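The values are calculated or read from the model by the stated rules, or taken from the named source; none is laboratory data. Predicted, not measured: the structure shown is a model, and the values here were computed from it. A quick note on method: Cβ atoms are made from the backbone with ideal geometry, for glycine too, and the neighbour counts reach across all protein chains shown.
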Amino acid sequence: MNRKRLRGAPHNPGVRNLVQAKCAWSRALAREKVESGFLGWHGSGYLPHQDEPGLVEFVTFRLTDAFPEEFRPE
């Protein structure tokens, strides 16, 4: 069976540029936090992530046909 494997994150310059911009204006993590394994702003190629102690992230997405078009502007 010949299966194509994905190697690494997809090439997504938009995510990379967003992460670089956020790194430029946000405060750098303290050395102790970095040594504890926290990454600060980083990207997996799919979505940007902010990794720091006590931070909770969530993602909201909408399927194309899941919400009536007339209510979207609200």
Inset, instruction - Filter the stretch 30-66 down to the residues that are of a type in the set (D, E, K, R) and modelled with pLDDT under 85, then identify the one that is farthest from the chain's Cα centre (by Cα). - result: 65
Legend entry - Filtered residue count, the stretch 39-74, keeping only those that are surrounded by 10 or more Cβ atoms within 10 Å (Cβ to Cβ), closer than 23 Å to residue 14 by Cα and not polar (S, T, N, Q): 12
Inset, instruction - State all residues of the stretch 26-49 that are assigned to a helix (DSSP H, G or I) and in contact (Cβ under 8 Å) with a residue 12 or more places away in the chain; if no residue qualifies, say none. - result: 33
Inset, instruction - Scan the stretch 5-18 and give yes if some residue there is hydrophobic (A, V, I, L, M, F, W, C), at pLDDT below 85, loosely packed, with under 10 Cβ neighbours inside 10 Å and assigned to a loop (DSSP other than H, G, I, E, B), otherwise no. - result: yes
